[in-house]
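Asker: Have a look at this one before I ask anything.
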Amino acid sequence: MSKAIKDMLVDDLKGRLNGVGDLIVVSLGKLDAQKTTQLRQTLRKKRISLQLVKNSLARRATSGTPLAPAFETTEGMLAIAWGGEDVVDLAKELDRLQGVKDFEGFECRGGALDGSRLEAADVKRVAKWPSRAEQLSILSGQIGSLGSTLSAQILSAGGTLAGQLKSRVDDLEKAEGAGAVAS
């Protein structure tokens, strides 16, 4: 492959990865063209991109970016995956696909997260984290819980005070009613 073609491939990859902060490096194993197309379609539904890359070209394209650590120890032809809702969503989907019988041989090799290298075991750990939607749900539940607790405390104190006032008014009315009967 000529230097001009390599430069064009590197520039294309740089363009595709522009703005990408996290990616996962995967091996397609011995998936044939049909299975690879199926895999791409499955990932596309989750808004995840998959691209086969030559390791040396990927290293050149990501040099000086937070993605560079992903290619420090990789060798040969690999594929890179990026996209989805967030890196947790990406890791969950790729981890799930490793267990699918149709994609036997597909495996995560590592990646890059916030400028740090991820090993294959790290990708499995990230896949167990709550996704962004789950984190927002947890957070809103905690905020709602605090609000309802505060509301209950305010209302219970007000309710107690109102009950005491009503009891006192009833006592005064009884005393007043008893005084009027006695006269």
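The values are calculated or read from the model by the stated rules, or taken from the named source; none is laboratory data. Predicted model, so just to flag it, every value in this text is computed and none were measured. For neighbour counting, all protein chains shown are included, and Cβ atoms are generated from backbone atoms with ideal geometry for every residue, glycine included.
Asker: Condition (residue is under 17 Å from the mean Cα position of the chain (by Cα), crowded, with 17+ Cβ neighbours inside 10 Å and touching a residue at least 40 places away in the same chain (Cβ under 8 Å)) applied to the stretch 122-139: is it met by at least one residue?
Answerer: Looking for residues that are under 17 Å from the mean Cα position of the chain (by Cα), crowded, with 17+ Cβ neighbours inside 10 Å and touching a residue at least 40 places away in the same chain (Cβ under 8 Å), one finds at least one in the stretch 122-139, hence yes.
Asker: Residue by residue through the stretch 54-103, note down the ones that are more than 21 Å from the chain's Cα centre (by Cα) and farther than 18 Å from Gly15 by Cα.
Answerer: Glu72, Thr73, Thr74, Glu75, Gly76, Met77, Leu78, Val100, Lys101, Asp102, Phe103
Asker: Condition first: in contact with a strand residue (DSSP E or B) (Cβ under 7 Å, 6 or more places away or on another chain) and of a type in the set (S, T, N, Q). Now tell me which residues in the stretch 49-107 satisfy that.
Answerer: Scanning the stretch 49-107 gives Ser49, Gln51, Asn55, Thr74, Gln98.
Asker: Considering the stretch 90-143 alone, what residues qualify as being within 18 Å of Leu17 (Cβ to Cβ) and among the charged types (D, E, K, R)?
Answerer: Arg109, Asp114, Arg117
Asker: Same structure again: Please determine whether any residue of the stretch 14-28 is of a type in the set (D, E, K, R) and either in contact with a Leu (Cβ under 6 Å, 6 or more places away or on another chain) or farther than 30 Å from Leu136 by Cα (or both).
Answerer: Within the stretch 14-28 (the criterion being of a type in the set (D, E, K, R) and either in contact with a Leu (Cβ under 6 Å, 6 or more places away or on another chain) or farther than 30 Å from Leu136 by Cα (or both)), the answer is yes, since at least one residue qualifies.
Asker: Continuing with this model, one more query. Test Leu57 against the stated conditions and say whether it is in the same structural domain as Gln98 (by TED's automatic domain parsing), hydrophobic (A, V, I, L, M, F, W, C), closer than 16 Å to Gln98 by Cα and touching a residue at least 24 places away in the same chain (Cβ under 8 Å).
Answerer: Criteria not met by Leu57.
Asker: Do we have Gly84 as over 26 Å from Asp7 (Cβ atoms), crowded, with 16+ Cβ neighbours inside 10 Å and among the small types (Gly, Ala, Ser) here?
Answerer: Working: over 26 Å from Asp7 (Cβ atoms): yes; crowded, with 16+ Cβ neighbours inside 10 Å: yes; among the small types (Gly, Ala, Ser): yes.
Here the answer is yes, as Gly84 does meet what is asked.
Asker: If you check Ala68, Ala91, Ala120, which single one turns out to be in contact with a Gly (Cβ under 7 Å, 6 or more places away or on another chain) and not hydroxyl-bearing (Ser, Thr, Tyr)?
Answerer: Every option except Ala120 fails the conditions.
Asker: Which residue is surrounded by the most Cβ atoms within 10 Å (Cβ to Cβ), if the candidates are limited to the stretch 41-54 and must be in contact (Cβ under 8 Å) with a residue 12 or more places away in the chain and more than 14 Å from Leu17 (Cα to Cα)?
Answerer: First, pick out the residues of the stretch 41-54 that are in contact (Cβ under 8 Å) with a residue 12 or more places away in the chain: 42-43, 46-54.
Adding the requirement that they be more than 14 Å from Leu17 (Cα to Cα) leaves 42-43, 46-47, 54.
Numbers: Thr42: 17, Leu43: 19, Lys46: 15, Arg47: 12, Lys54: 16.
The selected residue is Leu43.
Asker: Could you please find all residues in the stretch 108-138 being among the acidic types (Asp, Glu) and either assigned to a helix (DSSP H, G or I) or farther than 14 Å from Val26 by Cα (or both)?
Answerer: Taking the stretch 108-138 first, the residues among the acidic types (Asp, Glu) are 114, 119, 122, 134.
Answer for the stretch 108-138, where residues must be among the acidic types (Asp, Glu) and either assigned to a helix (DSSP H, G or I) or farther than 14 Å from Val26 by Cα (or both): Asp114, Asp122, Glu134.
Asker: Let me ask something else about it. Restricting attention to the stretch 146-167, does a residue exist that is within 25 Å of the chain's Cα centre (by Cα) and not assigned by TED's automatic domain parsing to the domain that holds Leu67?
Answerer: Yes, the conditions are met somewhere in the stretch 146-167.
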